[in-house]
Amino acid sequence: MGNNSDYIKEIENYFLSHAEKGIMLSSADYNLIKEWKKKEVPKEVIFKGINRAFEKSSQKDGQSESSIRSMKQCAKYVESSITEFSPVIGSNKTNTTLLKDTENKLDCVIEGLNELINREQDEYQKNYYRYIKERLILADNENPLSLISGIEEESLEKFFMNLDQTERDQITSQAKDKLGPRTRHMTGAAIEESIISFRNEILAGKYNLRSILSFTEGENEEV
């Protein structure tokens, strides 16, 4: 995950790129980030929580600009994101126990994907889940579940690119609208990353694409 300074700086920059110009993190905010670092929480999981916090705040305030001024206001969304991705976050279990848990969870994921593939009528959705299943099965990794987040993003990218141009333009426009005037204070990289994140959320909602991590918690019976 890189050294402590890089980890904190990347999360700080990501938060500030979404916040109002001139906002600075407090010592309490830095302590929050340090705690997540100690828990071996990937920065991508924290980014997702920050994104959700700003999106929810904007919706609640009824305007494009958010009232969030500190990382503390994002904490509950980050913790929710951590819970969602807990199967792939660091563990203190022994290697043997962790391997067994991983195998069991992977079986649940594959079973859930098979149910979705069999149940789906739309070929685009079928291919979305087929791609994830294939990538997980063929993954050259002791813990394929640790790759789920990246594999889902790859699959969402393929799903998006298979849509017609008009649909892609509409979804991209909706994703940009979610950013609102905050783009004035964001770097080009942060804008692009945020647009993709919002775009993926729109895709998942519009086409009812299930989060694959939910299967690790035994929720596949309701797919």
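Brief remarks on what is shown
- Filter result (part of a loop (DSSP other than H, G, I, E, B) and closer than 20 Å to Tyr207 by Cβ) within the stretch 143-163: Asn162, Leu163
- Filter pass, Ile82 being modelled with pLDDT of 60 or more and in a loop (DSSP other than H, G, I, E, B): no
- Test: residue in the stretch 40-51 that is modelled with pLDDT under 80, touching a Ser or Thr at 6+ places or on another chain (Cβ under 6 Å) and either assigned by TED's automatic domain parsing to the domain that holds Arg135 or surrounded by 16 or more Cβ atoms within 10 Å (Cβ to Cβ) (or both): no
- Residue check, Asp140 over 21 Å from the mean Cα position of the chain (by Cα), not assigned by TED's automatic domain parsing to the domain that holds Ser57 and not in a helix (DSSP H, G or I): yes
- Among the residues of the stretch 182-220, just one is of a type in the set (Lys, Arg), at pLDDT 80 or above and surrounded by fewer than 17 Cβ atoms within 10 Å (Cβ to Cβ), namely Lys206.
- The residues in the stretch 116-129 that are surrounded by fewer than 17 Cβ atoms within 10 Å (Cβ to Cβ) and assigned to a helix (DSSP H, G or I) can be counted, and the count is 7.
- Among the residues making up the stretch 15-36, those that are assigned to a helix (DSSP H, G or I) and surrounded by fewer than 18 Cβ atoms within 10 Å (Cβ to Cβ) are Ser27, Ala28, Tyr30, Asn31, Lys34, Glu35.
The values are calculated or read from the model by the stated rules, or taken from the named source; none is laboratory data. Model, not experiment: these values are computed from the prediction. A quick note on method: Cβ atoms are made from the backbone with ideal geometry, for glycine too, and the neighbour counts reach across all protein chains shown.
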